[in-house]
Structure formats: structure tokens, C-alpha cells
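Each remark here refers to the structure printed beneath this line.
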Protein chains: 2
Amino acid sequence: MLVECTVTVVVPPPESAAAAGESGRAAQLAAQPTAAVPPSDMMDQLRDMYASGHGTDVTFSVGGELLRAHRIIVAMRSPVFRAELYEEMAESRAHRVEVHGVRPDAFKALLRYIYTDDDTFTTSPAAAAAASGGEDGDGGGEATTTAIQDVLVAVDRYGVERLKLICEHRLREALGVGNVARMLAFAEDHHCAVLREACIRFIATCDRMGDLVATLGDAQLVSTRPLILIEVLEKSHKFRSV
Amino acid sequence: MLVECTVTVVVPPPESAAAAGESGRAAQLAAQPTAAVPPSDMMDQLRDMYASGHGTDVTFSVGGELLRAHRIIVAMRSPVFRAELYEEMAESRAHRVEVHGVRPDAFKALLRYIYTDDDTFTTSPAAAAAASGGEDGDGGGEATTTAIQDVLVAVDRYGVERLKLICEHRLREALGVGNVARMLAFAEDHHCAVLREACIRFIATCDRMGDLVATLGDAQLVSTRPLILIEVLEKSHKFRSV
């Protein structure tokens with residue numbers, strides 16, 4: 001049987017013709033079918049784990065809703081969760097955590113991002129419409145803008161810095177005369193440095209100052225945060241002198 | 001103060017000159033500094049978690065070494081770990097698991113991949129040398145080839161399919177007359193379909209059958225797995241008739 005094998009005359013398969021002049025081994029390698037290695041499945045597995053809820057070991061109670069998660073995953077992604085779940089309650093290992101002041105949908109969006117890097121809630125059709133729509137910035141995309149702000153509240157609290165930057169950039173795109181004052185007040189309250197800078201710059205360079213002034217009072221910016229207006233003046237002067 | 005603000009004449013900053021003809025808002029947006037959102041930090045955080053060992057809740061005892069891990073992460077990446085850590089011992093929740101028949105270094109490489117998708121152990125300089133080196137395929141890269149085989153043993157046992165494919169592809173690149181028989185026996189033992197197919201194809205199309213036959217006996221392929229030779233014969237015939 002083995003003898004028959006040794007007398008075989010090998011004719012290179014057609015696809016290795018180009019390599020026929022090279023060594024036999026190279027030709028053989030070229031002739032091998034390339035069953036490609038699929039791309040990383042890590043993110044799919046994290047998504048599946050989040051969707052299935054398999055092995056969850058902590059429950060967040062948010063506005064009456066119970067949301068289950070894996071403490072090590074949320075701790076990995078947020079220094080605040082890490083402190084809350086491993087350091088402050090290291091002994092008790094509480095299985096249920098009450099979350100106040102965050103909307104359930106915003107907390108869900110935060111969890112989804114934590115597991116999957118999914119930030120699509122910031123780029124829904126409505127958000128896109130708001131970004132490209134009416135320049136007053138308070139049109140049909142207001143619901144999405146509000147949703148992003150809700151997430152920013154949660155993200156600021158739990159210190160998920162990259163998602164915070166993503167949200168700030170989305171809100172920056174949606175800035176308009178109609179919402180910039182409110183947005184500046186929001187940025188102040190929730191430590192959004194990028195959004196705050198964008199708002200101040202927007203106001204400082206605005207060519208519709210008359211319309212803008214009307215909204216500044218609504219946002220109570222003048223009465224509660226007068227120092228910001230000095231910054232706006234400084235920026236206006238800087239841009240004027242460029 | 002507010003009045004001073006409204007009489008400001010806005011000169012567009014230089015960088016928005018191109019957009020000056022468009023609406024004021026577009027110009028303002030263009031003028032805003034673009035603090036880019038950094039790329040995903042998920043993999044860095046997984047790597048840090050693995051490196052720090054923070055919050056680990058299971059210890060694998062492998063060849064006398066104790067390796068700590070997070071049960072949810074290894075379960076997420078391997079159906080076998082999932083069964084072992086959540087299903088079979090759901091009640092006991094054993095914190096220490098004995099692993100037999102896997103080398104510590106191979107188990108470490110498996111863990112590193114599980115946390116980080118890191119497969120660089122398969123592409124070390126030695127492995128590259130083996131792939132491009134002497135066509136007998138048993139030169140200086142043998143240590144790396146052996147290391148990859150050790151990982152394949154672990155990977156086959158724990159069902160980490162993508163890493164299995166990566167290892168099989170690396171070994172396929174290192175195939176030579178000197179090692180193909182041993183590699184085929186290994187592929188049979190550890191359910192490596194891609195590597196097995198590559199070995200059979202290599203033998204079937206080999207133009208150095210005399211050298212090859214000498215190694216077939218060493219690998220005990222003929223005595224222990226005679227059916228493979230029939231497959232090799234079939235493939236030889238197929239390639240000849242193309």
C-alpha cells in the first residue's frame with residue numbers, strides 16, 4: 001500500500017501554476033485552501049452575555065426597574081462602580097444597588113455601552129435630523145438630545161469617560177441658538193468640559209445675538225452663573241482680535 | 001454687561017474662512033476645536049483587569065502553578081469553562097479548579113487570549129523563522145511549534161474555536177517534510193480539522209515522497225492510523241486528475 005503511494009507522480013493543481021517554478025513546499029502551501037480566521041468574537045460574546053444575563057451577580061434598581069449585570073464588567077469600565085461594588089461594600093457584597101437620579105433608559109444605555117461599546121443611541125435618525133436640521137437646534141431632534149443628556153448625567157456620575165466624550169460631541173453637533181444657553185447650564189452642572197467650551201465658543205461667535213439674549217434668561221444662566229458671561233466676553237474679544 | 005455683548009462684531013476665525021459664505025452656525029461649528037473621541041478602551045480595560053487580577057474569583061491549579069481569573073470572563077469565552085464553572089458546580093461554586101494534561105505556559109497563553117485576543121505567542125520571531133526557514137520544517141522554530149501545539153491541546157479541550165483556528169493556521173505555515181507526519185497524528189488526536197486537511201494535502205502533493213516515507217514510521221502513523229493513508233491516496237488521485 002505504501003509502495004503505491006511513493007510512485008505517485010504529482011501534477012501541481014492549476015492554482016499553484018505560478019509557484020510551480022519554486023520549491024515543492026511553496027507550491028503545496030499555495031495550493032492549500034485558505035480557511036480564513038474569523039475576526040475577533042470578543043465583542044459578540046460580551047453582547048451575548050449582556051443579552052442573556054447569564055451569571056449576573058448584581059442588580060441595579062433604577063426608577064423602579066431592576067437591571068441585572070456582572071459586577072466585574074461594570075467595575076472594569078467605571079471607577080465609580082469599582083469603588084461601589086468592590087471597595088466600599090467589599091464585605092457585604094451587596095447584590096442589589098439602588099440608583100437615584102438616573103432615568104432607567106439612560107442607565108440601560110450606559111450598561112449597553114459598558115458591555116458592547118454601543119453608542120448608537122447618540123446617532124439615531126432623530127439625532128441626525130437635529131444635527132443637520134433647523135439651525136435653532138430645538139426641532140424634531142429634541143427628544144434625542146434630551147436622551148443623550150440623560151445618559152450624560154449617568155455617565156458623569158459613573159466616570160465612563162469615553163462615552164462622556166461621545167455624548168458631548170453629539171450634543172455639540174446639535175447646538176443652536178435655541179438651546180445653547182440651556183446646554184451651557186447643563187454642561188456646567190455635569191462637568192462636561194468639551195460641551196461647555198463649545199457652548200461658550202458658540203455664544204461668543206454668534207451672529208444672532210439678539211435671538212440668543214432672549215434665551216439666556218430662560219436658562220437662568222445670567223442669574224445663577226454670571227461668571228460664565230465674563231468668559232464669553234473674553235472669548236468674543238479673543239476671536240475678534242484674531 | 002449684556003449690552004456690550006450684543007454689539008460684538010464677529011470676525012470668523014481663519015480656519016472657518018472656507019465656510020464663511022455659509023450660515024453663521026456652520027462657520028461656528030467649523031471653528032470649534034475637534035477634540036477627537038479616543039478609540040475604544042474596552043480591550044485595554046480587559047488587559048488591565050487581567051494584569052491586575054482585581055476581583056478574580058476562581059483559581060486554576062495547572063502543573064503546580066496557581067493562575068487566578070474571573071469566572072464570568074472565562075465562561076464567556078469558552079463553553080467548557082461555562083459548563084464547569086456555572087453548570088456542573090453551580091451549587092458548590094468551587095473557587096479552585098485542578099487542570100490536568102495542560103502545561104502552565106499553555107494555560108497562561110489561553111488565559112491571555114481569553115482576556116485580550118492576544119495571539120502573539122503564535123507569531124514570535126522563532127515562529128516566523130520556522131515558517132520561512134528550512135523546508136524540512138523542523139529547524140529553529142521547533143520550540144515555537146511545540147508551544148503552539150501545547151496551546152492547541154488546551155484550546156481543543158476548552159473549545160476556544162477562534163484561537164484554535166489561529167493555531168492551526170500557524171502550524172500549517174510551519175509544515176515541512178520533517179514534521180508533517182507528526183503534525184497529522186497531532187491533528188487527529190486534537191480534532192484539528194484545518195491542520196489535518198493541510199497535512200493530508202501536503203503529503204498527497206509532496207514531491208519528496210522518499211524523505212516523507214521515512215518519517216511516516218517515526219510518527220507511528222501507519223500502525224496507529226492506517227485509514228488516514230487511504231485518504232492521502234484518494235487526495236493524491238484527485239490532484240493528479242485535475
Residue list for region B:217-228, restricted to those being surrounded by 15 or more Cβ atoms within 10 Å (Cβ to Cβ) and at pLDDT 75 or above: B:Arg225, B:Ile228
Selected residue (only one of B:Val102, B:Val62 is touching a helix residue (DSSP H, G or I) at 6+ places or on another chain (Cβ under 9 Å) and surrounded by fewer than 22 Cβ atoms within 10 Å (Cβ to Cβ)): B:Val102
Flag for B:Val74 being closer than 30 Å to A:Ala51 by Cβ and modelled with pLDDT of 95 or more: yes
Residue that is farthest from the other protein chains (Cβ to nearest Cβ), among those in region B:176-233 that are of a type in the set (Asp, Glu) and under 25 Å from B:Leu165 (Cα atoms): B:Asp189
Helices (runs of 4 or more DSSP H) wholly inside region A:157-242 containing at least 1 residues that are touching a His at 6+ places or on another chain (Cβ under 8 Å) and more than 22 Å from A:Gly101 (Cα to Cα): A:193-204
Criterion (modelled with pLDDT of 90 or more, more than 10 Å from chain A (Cβ to nearest Cβ) and within 24 Å of B:Asp44 (Cβ to Cβ)) met by exactly one of B:Val151, B:Val160: B:Val151
Selection count, region A:51-85, where residues are of a type outside the set (Gly, Ala, Ser), within 20 Å of B:Val58 (Cβ to Cβ) and either within 10 Å of chain B (Cβ to nearest Cβ) or not in a helix (DSSP H, G or I) (or both): 11
Which listed residue, of A:Val9, A:Val97, is at pLDDT below 90 and β-branched (Val, Ile, Thr): A:Val9
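The values are calculated or read from the model by the stated rules, or taken from the named source; none is laboratory data. What you are looking at is a predicted structure, and each value in this text was computed from that prediction instead of being measured. When we count neighbours, we look across all protein chains shown, and the Cβ atoms used for this are built from the backbone with ideal geometry, even at glycine.
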